[in-house]
Amino acid sequence: MEEQVATARELPLEFRATGAEYFRIWIVNLLLTIVTVGIYSAWAKVRRLRYFYGSTLLDGTSFEYHGKPIPILKGRLIAVGAYLVFVLGGRISPVVSLLLLPAVLLGVPWIIMMARLFQTRMSSWRGLRFNFHGDYKGALGAYIGWTLLAMVTLLILWPLALWKQNSYLLGNGAFGTERFGFHATRGQFYKFCLVGLALLLAAGCVAAILMGILFSAHPELRQLNPNAPQIEAAMATLRIVGTFYLFGGPLILLAVAWFQARLMDVSIGGLTLGPHRLFARLRTWPLFWIYLSNLLAMFCTLGLFYPWAKVRLLRYRLSNIGIIANGNLDQFVADSHIQAGAVGEGMHDVFDIDFGF
Amino acid sequence: MIQGRYFDTHSSAAGEAQLEAGAGSVCLQANGQRQHFSLQQLEISDRIGNIPRRIRFPDGSEFETGDNHAVDQLLGAAAPRHGWVHRLERNWGIAVAALGAVVAVCFLFLRFGLPLVAGWVAAALPPSTDRVIGQHGLQILDHGFFKASKLDAQRQANLQNLFSRMTATLKDGHDYRLELRDSRVLGPNALALPAGIAVVVLGDMSSITALASAAPVLLQTRNSRELEAEADAFSRQWLRDNHIPEQRFDDILCRMVDNAGRKGAELPPYLASHPAIHDRAHCSSGG
């Protein structure tokens with residue numbers, strides 16, 4: 001034990017992307033995508049991911065993204081086709097939607113599995129690919145089974161469902177032939193979910209109290225004439241809801257920042273890779289400040305701040321994640337490479353299922 | 001001489017390595033060995049920003065270097081078209097121009113593309129859709145903006161009679177219908193809904209100010225103001241055709257101005273969905 005501690009090195013990720021550099025990549029991507037009526041978006045995605053992967057360094061070596069535009073484009077076209085079938089099918093007859101619903105329920109886990117498989121296999125470090133060993137049954141259980149259970153039990157089992165999903169995504173990962181181990185406990189998930197819920201409730205209460213103080217000072221804000229036509233009633237409701245968000249918004253954002261930081265700390269911090277351990281040390285206040293200032297800056301610049309916002313958030317997240325290396329990182333061995341289809345990845349993009357990180 | 005690291009892709013071991021560039025070929029020094037490759041054998045990654053470049057050899061192994069400049073020089077003459085996207089991305093002038101182009105394209109789409117597409121869609125929709133939209137539109141308006149008209153039944157019947165006489169002469173395949181309403185929000189007004197539904201709002205003049213609070217709804221007003229000018233021309237032509245003095249039209253508009261004027265509430269031209277009334281009517285001083 002003593003020996004291991006002596007040789008352990010803490011290696012945080014280093015993120016070298018800059019907002020100014022990404023802005024130019026982003027705007028050229030955007031223009032070429034518009035000019036080609038969306039076709040370039042697959043190339044844009046590859047460039048964006050190659051830039052971010054290449055800007056992320058571990059122990060002096062950058063990560064690499066290997067996705068190719070043509071398969072991603074094909075995947076996107078198939079995904080758009082599937083989406084149109086679903087939407088137009090619903091238009092023709094609600095029965096078609098009803099029939100398609102089980103297909104969607106069974107299809108979503110497959111899409112998640114394929115997307116994750118593609119994502120990991122298209123990533124490498126020091127010339128060695130990542131891999132994913134999750135199967136369909138695992139995805140179906142974690143994403144449909146446990147989600148339904150969480151809903152039936154009025155979210156009492158939701159932290160457990162979240163644990164299952166993170167365990168599926170992270171615990172099935174591999175670098176070369178070495179499998180990641182997922183050691184975060186169900187208890188840890190319950191703990192931060194409960195505290196998160198309490199914080200969210202507290203944020204709501206504080207917002208309500210602040211709003212009450214404001215409204216008693218300015219009664220004209222809450223005027224609601226019962227005889228007024230709907231449009232005026234709607235305006236008044238909008239004023240009241242808007243005031244709530246003005247106070248409640250930052251508080252809710254704070255609760256979200258706390259939750260996100262804890263989720264990453266617990267799930268990534270619970271990972272092992274061979275003799276090495278991963279760590280995540282995100283803190284609530286810096287994350288909250290980045291969220292809030294990004295939102296304000298994007299609002300003030302009509303979205304033009306987006307590339308800087310993205311880089312700032314990624315830099316904070318990535319530079320607080322890393323690996324505690326027990327010995328050197330040379331001993332990983334390559335797995336035999338298997339081709340991953342891009343359909344899952346494309347689907348994931350179109351349906352915009354956001355999981356983990 | 002390009003300094004970098006060499007990965008054999010069998011393991012995660014990384015060794016210091018050098019790449020020496022010759023004429024059309026390179027020499028790799030790694031793991032104590034020297035290997036020669038021609039440029040055609042190499043797969044060299046595109047430059048993006050300043051991320052490390054990778055040079056892949058035929059056996060799948062890789063050389064990674066942060067020395068972008070040296071790799072560009074190595075490629076220079078051999079592949080003149082290599083990295084054209086990066087040349088766009090490198091330049092701030094082009095970035096600003098691209099931003100301008102994106103804004104221009106968005107503007108042009110909203111200004112010309114959207115109305116064009118809307119025109120196609122409108123032409124492609126069957127009359128039954130027209131009826132449904134008209135009916136639903138009226139329901140929504142009745143719910144949110146209108147009250148039943150306060151005119152007595154006799155006067156309403158008169159107006160309906162007049163309207164059907166007037167529309168009978170228009171043989172354009174539409175089934176016109178007159179709906180009389182009252183509204184605090186809109187004030188005196190007239191709306192045409194799809195499927196030939198004409199809504200005449202009589203209402204008191206007090207609440208044109210209220211219209212200003214509904215200004216967001218009226219953001220897309222440019223086109224509707226052009227349409228209004230067209231409608232004015234049509235009205236005047238119809239009056240002439242039916243031997244009714246054109247002055248009647250001016251009188252009605254001028255009465256609306258007067259009424260609004262008394263409440264001090266004429267809207268600025270862009271907020272109003274109607275052209276400034278003085279541009280439309282020749283008001284006599286008395287009104």
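Here's the yes/no breakdown for (1) among the aromatic types (Phe, Trp, Tyr); (2) under 24 Å from the mean Cα position of the chain (by Cα); (3) part of a helix (DSSP H, G or I):
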position: A:Phe180; (1), (2), (3): yes, yes, no
position: A:Gly187; (1), (2), (3): no, yes, yes
position: A:Tyr190; (1), (2), (3): yes, yes, yes
position: A:Leu199; (1), (2), (3): no, yes, yes
position: A:Ala203; (1), (2), (3): no, yes, yes
position: A:Leu210; (1), (2), (3): no, no, yes
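From the set of residues in segment B:8-58 that are assigned to a strand (DSSP E or B) and under 51 Å from the mean Cα position of the chain (by Cα), which is nearest to the other protein chains (Cβ to nearest Cβ)? Working first, answer last.
Taking segment B:8-58 and keeping what is assigned to a strand (DSSP E or B), we get B:11, B:15-21, B:25-30, B:33-38, B:43-44, B:53-56.
Cutting the leftovers down to under 51 Å from the mean Cα position of the chain (by Cα) gives us B:43-44, B:53-56.
Values: B:Glu43: 12, B:Ile44: 13, B:Arg53: 9, B:Arg54: 7, B:Ile55: 12, B:Arg56: 9 Å.
Restricting to residues being assigned to a strand (DSSP E or B) and under 51 Å from the mean Cα position of the chain (by Cα), the top hit is B:Arg54.
Run down B:Asp8, B:Asp46 and say which single residue is among the acidic types (Asp, Glu), closer than 29 Å to B:Val85 by Cβ and modelled with pLDDT under 90.
Working: B:Asp8 fails: closer than 29 Å to B:Val85 by Cβ.
Every option except B:Asp46 fails the conditions.
One residue stands out in segment A:53-73 among those that are within 21 Å of the chain's Cα centre (by Cα) and β-branched (Val, Ile, Thr): the one that is nearest to A:Asn326 (Cα to Cα), namely A:Thr56.
Among the residues of segment B:76-85, is there at least one that is in a helix (DSSP H, G or I) and closer than 21 Å to A:Ala44 by Cβ? Quick ask: steps written out before the conclusion?
Residues of segment B:76-85 in a helix (DSSP H, G or I): B:84-85.
Add one more test, that the residue is closer than 21 Å to A:Ala44 by Cβ, and what stays is B:84-85.
Looking for residues that are in a helix (DSSP H, G or I) and closer than 21 Å to A:Ala44 by Cβ, one finds at least one in segment B:76-85, hence yes.
Mind checking which residues of segment A:19-45 are away from chain B (no Cβ under 11 Å) and basic (Lys, Arg)? The one that is away from chain B (no Cβ under 11 Å) and basic (Lys, Arg): A:Lys45. For segment A:86-99, a residue qualifies if it is surrounded by fewer than 15 Cβ atoms within 10 Å (Cβ to Cβ) and either within 14 Å of chain B (Cβ to nearest Cβ) or touching a residue at least 12 places away in the same chain (Cβ under 8 Å) (or both), and exactly one does: A:Arg91. Annotation: A:Leu292 fulfils all but one of (1) over 21 Å from A:Cys205 (Cβ atoms); (2) surrounded by 14 or more Cβ atoms within 10 Å (Cβ to Cβ); the unmet one is (1). Considered as a group, the residues in segment A:165-206 that are among the hydroxyl-bearing types (Ser, Thr, Tyr) and touching a helix residue (DSSP H, G or I) at 6+ places or on another chain (Cβ under 9 Å) include one that is surrounded by the most Cβ atoms within 10 Å (Cβ to Cβ), and that residue is A:Tyr168. For segment B:126-175, enumerate the residues that are more than 16 Å from B:Ala198 (Cα to Cα), hydroxyl-bearing (Ser, Thr, Tyr) and either surrounded by 12 or more Cβ atoms within 10 Å (Cβ to Cβ) or in contact with a strand residue (DSSP E or B) (Cβ under 8 Å, 6 or more places away or on another chain) (or both). Answer for segment B:126-175, where residues must be more than 16 Å from B:Ala198 (Cα to Cα), hydroxyl-bearing (Ser, Thr, Tyr) and either surrounded by 12 or more Cβ atoms within 10 Å (Cβ to Cβ) or in contact with a strand residue (DSSP E or B) (Cβ under 8 Å, 6 or more places away or on another chain) (or both): just B:Thr129. The number of residues in segment A:112-145 that are under 30 Å from B:Tyr6 (Cα atoms) and outside any helix (DSSP H, G or I) comes to 12.
For segment A:173-198, the set of residues classified as of a type outside the set (Gly, Ala, Ser) and closer than 13 Å to A:Gly270 by Cα consists of A:Phe180, A:Phe182, A:His183, A:Thr185, A:Arg186, A:Gln188, A:Phe189, listed by residue number.
Out of all the residues in segment A:60-77, which are surrounded by fewer than 17 Cβ atoms within 10 Å (Cβ to Cβ) and more than 30 Å from B:Glu62 (Cα to Cα)?
Taking segment A:60-77 as the starting set, the residues that turn out to be surrounded by fewer than 17 Cβ atoms within 10 Å (Cβ to Cβ) are A:60, A:66, A:68, A:70, A:74, A:77.
A:Leu77, the sole residue that qualifies.
The values are calculated or read from the model by the stated rules, or taken from the named source; none is laboratory data. Just so it is clear, the structure is predicted and the values come from calculations on it, not from any experiment. Cβ atoms come from the backbone with ideal geometry, glycine included; neighbour counts cover every protein chain shown.
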